[in-house]
Amino acid sequence: MMLSLDHATAIADMRPMAFPSDLWDPGPIFDNLSALEKQKYLDTLHSLLPLSTDIPPETLEFFAFHRDLLAVHEVAVQKPEDRTRRTELLRWTLVRKFVELPATQDNRCALMKAESKNSPLPQEDAFLALETSIRIAAQYLTRLVFYSRPVEASIFADFNDIQHWLDKPEVRSFASNSLLLWLLAAAACLERNLRLVRYRRRWHAPRFLLLARHMRLETAEAVSKLMQKFLYAKVPWEDHLERLFAEKDEIFQETHCNLNLYPDEIGCSGDAEYIFDIPDQDQVDDHVTVIQWATPKEAIAATS
């Protein structure tokens, strides 16, 4: 709880976290697994499937870190008969997942300073924004995996960052369509989860669905196969993706997205920039005004 509060207040105050990760990082656990646990670990998709070549080399270690978390989590949930060992493994995953938060917050602070001085962002800062978006998307995924209740998965979620950075062409220029789809899918799943707790206008979901259509991925199953090359957990992502596709008409109607304005005969290697040109419209629903393009700082100001 202390680490969660440190993270939440650091985001609100836009400052580095107070507690460095090396004070509480439990370290890797693979060498401490039993022979059977190691085999189960190696049999997970997180271990078996190679990472996508669309992942920037600078972030490969980060993806490997989160795949390790998810593999150990799968081993833990397969041990219902040994509650003590299951608890030990789950406790490790819950503490270990905080290791990346200080670095992510440092990136966020650096980007706020860079953005205040430059528009558009220089290449180095634009790539840092993409790297930070990747970090946050992975954290969205682990939230959905580790917390079964929507309110627990959503609390302290620094939600506006991916929307804010992917709105910038100079940031998107470093990402392939496949990587963009993974980023949007991660955010769209947590976005849907947030709507189970409180109303929120969807920004990521329509862009995710448009990009999936652009890439000729017409079903949740087709998207899942691509997502597995990045970072993916069948539970609960599969359910969220299926529901996103089922809610497609509602999502486009809600965001006033007219599909007739967007081409549907584009190959998967074609330019997908049109997907980020959906008009921005504020919306009032049940007396709640939603500011669609709010940055974290603007969102805090709007609700204070």
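Laboratory data are not the source of any read-out in this text; all were calculated from the coordinates shown. All values derive from a computational prediction rather than experimental measurement. Cβ sites come from the backbone with ideal geometry, for glycine too, and all protein chains shown count toward neighbours.
Structure notes:
- A Cα-only calculation for the stretch 23-134 places Rg and Dmax at 17.6, 57 Å.
- Distance from the stretch 46-89 to the stretch 23-45 (C-alpha centre basis), Å: 9 Å
- Whichever lysines have a C-alpha closer than 29 Å to that of residue 117, once near sequence neighbours (fewer than 8 apart) are set aside: 168, 297
- Computed packing ranks the peptides 209-218, 185-194, 2-11 as 185-194, 209-218, 2-11, most packed first, by mean other Cβ atoms within 10 Å.
- When each of 97/234; 113/229; 97/248; 79/234; 40/234; 40/97 is checked by Cα-Cα distance, pairs over 22 Å: 113/229; 97/248
- Here the stretch 45-88 was treated as a single set of alpha-carbon atoms; its pair distances binned every 5 Å from 0 give 5, 20, 24, 17, 13, 9, 7, 4, 0 percent.
- One quarter of the surface of the convex hull around the alpha-carbon atoms of the stretch 157-250 equals 6.0 nm², the direction-averaged projected area.
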